[in-house]
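Novice: Here it is, the structure in full.
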Amino acid sequence: MDSRLNRKEEARGVFSAEQLQQEARNYSSADQLKSQEAQWPSPTEPLQPQEALRPALTEPEPLKRQELHNPSPMERLRRHRLKRTLIQAAATFLTNAHLSGFFTGNIYQGSLKKICVPGLNCYSCPGALGACPLGALQSALFDSNQLFPFYVLGFLVLIGSLLGRAVCAFLCPFGFIQDLLARITKKKARPERRFPRLDRGARAIKFVNLFLLVLLLPLMGRWFSGLASPWFCKLLCPAGTIEAGWFLTLLNPQLRRLIGWLFGWKSLLAIAVITACVFIPRFFCRYLCPLGAFYAFFNRFALTRLRFDKAACIHCGRCEQVCPMGLAMPELHESLECIRCGRCAAACPSSCLSCGVKKLTPSEAAALARAYASER
């Protein structure tokens, strides 16, 4: 205050009395403003009731928290892909847990070999613990000592009734190999769009393989000894070549001396299938796999279903874009070709598609109980 008076006294020779009075009023108003500011609440203090009534700008919820509660279709698809990959890897490991066989070239011959696995996995694979259902079915059909393959067919019917072709998407080791091959490049051929008629016709080949090579020819081996052979495994199956043939010939010098035209043919076929799977997702599942053809007959009434809410569909086409089987989704959600992988449901922005287990009717429960009894 003394400094202000000194300034006023120094200014008496320069300013008039009115100007000095105005200057004093300015200083007093500044003091009042500072005293009022000292009484205002700090930003960290809670608002008073009268201030709480004023409209306030609130910060939006953090983006990560929003994505956690309501993820985008792309985020859901990424999470679904990770979960399915982990399930496939676990199923492949459990099916081929005899790891020492990959180093010694010895095939596991323990008691677990009498049990079938649900997916396509070669009996002769060095790591295989169980039996391939296709190989077991063919061997049982041409074996004259067995009246009927009750165990193998009962096992396949039970798995088909529970899962349908979801086995192909989650539990099949060779299906897992195809999915890994499809990740090599993003450039994909779409035969279902460029050659729709050829694509529909080629999908019937797996049903021909099932009835001719897996069922009919081995069954005829009961009457004609020259036909007593697992023909599909012997002539076409690329899983046997990739999982067993190449490993065993690499680790056993004795087998390399026995290599002939049949091994060369199957190796050439396996290389062609591998190349095709890189550019056409699930090539073998689409066109050649007889095990997938068998499970396909259970798709419409299996417990694992793909449900479609037609009223909620916005016809965006995302489900068709991500389908590994190249289906015109969602209209073909109950098709024999659908492997129930769930990619379409994860990518759907309107949630009109969903995978789950349906409730059993009394007749379906009775049929499932009969299938379980026939297996035992």
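The values are calculated or read from the model by the stated rules, or taken from the named source; none is laboratory data. Bear in mind the structure is a predicted one, so any value in this text is a computation, not a measurement. Every residue, glycine among them, receives a Cβ derived from its backbone with ideal geometry; neighbour counts consider all protein chains shown.
Novice: Tell me whether the range 291-301 contains one or more residues that are crowded, with 20+ Cβ neighbours inside 10 Å, modelled with pLDDT under 95 and polar (S, T, N, Q).
Specialist: yes
Novice: Can you pull out every residue in the range 292-327 that is touching a residue at least 60 places away in the same chain (Cβ under 8 Å) and under 22 Å from Arg194 (Cβ atoms)?
Specialist: Of everything in the range 292-327, those that are touching a residue at least 60 places away in the same chain (Cβ under 8 Å) and under 22 Å from Arg194 (Cβ atoms) turn out to be Arg318, Val322, Pro324, Gly326, Leu327.
Novice: Here's something else I'd like to know. Would you pick out the residues in the range 212-228 that are surrounded by 13 or more Cβ atoms within 10 Å (Cβ to Cβ) and among the hydrophobic types (A, V, I, L, M, F, W, C)?
Specialist: Leu212, Leu213, Val214, Leu215, Leu216, Leu217, Leu219, Met220, Leu227, Ala228
Novice: Can you pull out every residue in the range 137-190 that is β-branched (Val, Ile, Thr) and assigned to a helix (DSSP H, G or I)?
Specialist: Correct list: Val152, Val157, Ile159, Val167, Ile177.
Novice: Does at least one position in the range 253-267 carry a residue that is surrounded by fewer than 20 Cβ atoms within 10 Å (Cβ to Cβ), assigned to a helix (DSSP H, G or I), touching a Ser or Thr at 6+ places or on another chain (Cβ under 9 Å) and among the small types (Gly, Ala, Ser)?
Specialist: The answer is yes; a qualifying residue exists.
Novice: Give all pairs with beta carbons closer than 7 Å in which a residue from the range 208-227 that is farther than 20 Å from Leu291 by Cα meets a residue that is of a type in the set (Phe, Trp, Tyr) and assigned to a helix (DSSP H, G or I); count only pairs at least 6 apart in sequence or on separate chains.
Specialist: Listed pairs, sorted by first residue: Gly221/Phe142; Arg222/Phe142.
Novice: Tally time: how many residues in the range 90-105 are part of a loop (DSSP other than H, G, I, E, B) and buried (at least 21 other Cβ atoms within 10 Å of the Cβ)?
Specialist: Going through the range 90-105 one residue at a time, the tally reaches 1.
Novice: Kindly check whether there is at least one residue in the range 311-321 that is at pLDDT 85 or above and closer than 20 Å to Cys132 by Cα.
Specialist: No, the range 311-321 contains no residue that is at pLDDT 85 or above and closer than 20 Å to Cys132 by Cα.
Novice: Looking at the range 242-270, I want the residues that are over 19 Å from Phe284 (Cα atoms) and have a partner that is outside any helix (DSSP H, G or I) and polar (S, T, N, Q) with Cβ atoms under 8 Å, at least 6 apart or on another chain. Which pairs are those?
Specialist: Close Cβ pairs satisfying both conditions: Leu248/Ser124.
Novice: If the Cβ limit is 8 Å and pairs must be 6+ apart or interchain, which residue in the range 129-156 that is free of Cβ contacts under 8 Å to residues at least 24 places away in the same chain pairs with which residue that is among the acidic types (Asp, Glu)?
Specialist: Listed pairs, sorted by first residue: none to list.
Novice: Please state which one of Arg76, Arg54 is over 26 Å from Pro118 (Cα atoms), surrounded by 10 or more Cβ atoms within 10 Å (Cβ to Cβ) and either of a type in the set (S, T, N, Q) or at pLDDT below 95 (or both).
Specialist: Sole residue among the options that is over 26 Å from Pro118 (Cα atoms), surrounded by 10 or more Cβ atoms within 10 Å (Cβ to Cβ) and either of a type in the set (S, T, N, Q) or at pLDDT below 95 (or both): Arg76.
Novice: Just for the range 268-281: of the residues that are among the β-branched types (Val, Ile, Thr) and assigned to a helix (DSSP H, G or I), which one is farthest from Thr104 (Cα to Cα)?
Specialist: Among those that are among the β-branched types (Val, Ile, Thr) and assigned to a helix (DSSP H, G or I), it is Val278.
Novice: All but one of (1) part of a loop (DSSP other than H, G, I, E, B); (2) within 25 Å of Arg286 (Cα to Cα) hold for Pro126; which doesn't?
Specialist: (2)
Novice: Please list, ordered by residue number, the helices (runs of 4 or more DSSP H) wholly in the range 282-365 having 1 or more residues that are more than 16 Å from the chain's Cα centre (by Cα).
Specialist: Output list reads 283-287, 290-296.
Novice: Among the residues of the range 72-88, is there at least one that is in contact with a Phe, Trp or Tyr (Cβ under 9 Å, 6 or more places away or on another chain), closer than 20 Å to Phe232 by Cβ, part of a helix (DSSP H, G or I) and not aromatic (Phe, Trp, Tyr)?
Specialist: Checked the range 72-88: no residue is in contact with a Phe, Trp or Tyr (Cβ under 9 Å, 6 or more places away or on another chain), closer than 20 Å to Phe232 by Cβ, part of a helix (DSSP H, G or I) and not aromatic (Phe, Trp, Tyr).
Novice: Here's something else I'd like to know. Among the residues of the range 290-309, which ones are hydrophobic (A, V, I, L, M, F, W, C) and under 14 Å from Ala166 (Cα atoms)?
Specialist: Leu291, Ala293, Phe294, Ala296, Phe297, Phe298, Phe301, Ala302, Leu303, Leu306
Novice: Could you list, in sequence order, the residues of the range 191-225 that are farther than 18 Å from Met325 by Cβ, of a type outside the set (Ser, Thr, Tyr) and either assigned to a helix (DSSP H, G or I) or in contact with a strand residue (DSSP E or B) (Cβ under 8 Å, 6 or more places away or on another chain) (or both)? Don't jump to the end; show me each part of the working.
Specialist: Taking the range 191-225 and keeping what is farther than 18 Å from Met325 by Cβ, we get 208, 211-225.
With of a type outside the set (Ser, Thr, Tyr) added as a condition, the list becomes 208, 211-224.
Residues satisfying the conditions are Val208, Phe211, Leu212, Leu213, Val214, Leu215, Leu216, Leu217, Pro218, Leu219, Met220.
Novice: Same structure again: If Tyr108 passes every condition in (1) modelled with pLDDT of 90 or more; (2) of a type outside the set (D, E, K, R); (3) within 25 Å of the chain's Cα centre (by Cα); (4) surrounded by 11 or more Cβ atoms within 10 Å (Cβ to Cβ) but one, which one does it miss?
Specialist: Going through (1) modelled with pLDDT of 90 or more; (2) of a type outside the set (D, E, K, R); (3) within 25 Å of the chain's Cα centre (by Cα); (4) surrounded by 11 or more Cβ atoms within 10 Å (Cβ to Cβ) one by one, Tyr108 breaks only (3).
Novice: Restricting attention to the range 306-313, does a residue exist that is touching a Lys or Arg at 6+ places or on another chain (Cβ under 7 Å) and surrounded by 16 or more Cβ atoms within 10 Å (Cβ to Cβ)? Spell out how you get there, then give the answer.
Specialist: First, the residues of the range 306-313 that are touching a Lys or Arg at 6+ places or on another chain (Cβ under 7 Å): 306.
Still in the list and also surrounded by 16 or more Cβ atoms within 10 Å (Cβ to Cβ): 306.
Yes, the conditions are met somewhere in the range 306-313.
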